1. In the stretch 104-154, what residues are over 14 Å from the mean Cα position of the chain (by Cα) and among the charged types (D, E, K, R)?
2. Starting from the stretch 27-51, take each residue that is without any contact (Cβ under 8 Å) to a residue 12 or more places away in the chain and list its partners that are among the charged types (D, E, K, R), counting only C-beta distances under 8 angstrom and pairs at least six apart or across chains.
3. If you check S108, S66, S85, S103, which single one turns out to be out of contact with any Lys or Arg (no Cβ under 9 Å at 6 or more places or on another chain), at pLDDT 90 or above, among the polar types (S, T, N, Q) and more than 25 Å from L226 (Cα to Cα)?
4. Would the stretch 64-72 turn up any residue that is without any contact (Cβ under 8 Å) to a residue 60 or more places away in the chain, surrounded by 19 or more Cβ atoms within 10 Å (Cβ to Cβ) and within 20 Å of T14 (Cα to Cα)?
5. Could you list all residues from the stretch 195-215 that are hydroxyl-bearing (S, T, Y) and either assigned to a helix (DSSP H, G or I) or modelled with pLDDT of 75 or more (or both)?
6. Specify the residue that is surrounded by the fewest Cβ atoms within 10 Å (Cβ to Cβ); the eligible residues are those in the stretch 79-93 that are touching a Leu at 6+ places or on another chain (Cβ under 7 Å) and closer than 10 Å to F219 by Cβ.
7. In the stretch 167-178, what residues are in contact with a helix residue (DSSP H, G or I) (Cβ under 6 Å, 6 or more places away or on another chain) and surrounded by fewer than 24 Cβ atoms within 10 Å (Cβ to Cβ)?
8. Condition check: of a type in the set (A, V, I, L, M, F, W, C), touching a Ser or Thr at 6+ places or on another chain (Cβ under 8 Å) and part of a helix (DSSP H, G or I). Does F81 satisfy that?
Amino acid sequence: MKKQIVLSATIISTFFLCRNALSLLQKLGISFELQEERITVSWALCLIIVLVVSGILYGYKNIFSSLGLDKRILKGISYGFAFSSPMILGYAVIGELRWEYVSWLSISAIFFWAGMEEVLFRGFLFGQLFKKANWRFAPAAFLNAVIFGMGHLYQGNSFEHTLGVFAITLMGGAWFAWLYIEWDSNLWVAISLHFFMNLSWQLFSVGDTALGGWGANFFRVMTIVLSVVVTIIYQKSKKDTETIKERKDTILTKRKQPITLSNIQLGNNLNQH
């Protein structure tokens, strides 16, 4: 139990270190004028910290597997694109193309930012608490979703609007965490879905914040419904030995194979796979 607490504290403290890495640089007198530069440097620092800490905890050979980045990339991209197709097609119809985002630099930046959000929030914070520290799904997903939602509060311009943004992003955080686990911890599904959703939002003018309007939200709901339906069909088609009830218990209450953490030795390449 003590090692489980230490591991949980390490994961959470590392997460908050990542979130405040840019502020630490600014206190050292290092600043950036452009918002794009600040965001990119912030996420780059997060990536370095996550990779280093994951290497210390689980061994540098296991960094990508611990985060879910060792799974099939093409499979993840394919499903991510398919899930987001209602938003891409719908926004292309109801929105207006913003040509300033039609460039490799802009698209690459959107991919990097979306990818890093998934690595930090789902692969590291939620994934490590759920898979390594033996948290149950609900509290691990809730913590991830609340912090994810709070990170978008700046988009609100009134109490009601801010509350709406928080609710949308909170549900989004829980949804991405669920998809991550249901797709066998393949983080590329969440990364690609997040990227294509953000890309469609940026390429077509349909809303200025995560809340959006009725038309924008209709196609967003269609994307969510499509992803949920396909994910359920995918799970039912798998030839697992466990029953549906056992899978439900696993997601809502417990892990299939509890981690004893007796195999975890912080600072000495933990948790060999």
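1. Selection gives K131, K132, R136.
2. Once the first residue is without any contact (Cβ under 8 Å) to a residue 12 or more places away in the chain and sits in the stretch 27-51, its partners that are among the charged types (D, E, K, R) give F32/R38.
3. S108
4. no
5. S200, S205
6. P86
7. Matches in the stretch 167-178: T169, L170, A174.
8. Yes, satisfied.
The values are calculated or read from the model by the stated rules, or taken from the named source; none is laboratory data. Everything quoted here is computed from the prediction, not taken from an experiment. Please note: Cβ atoms are built from the backbone with ideal geometry, for glycine as well, and neighbour counts cover all protein chains shown.
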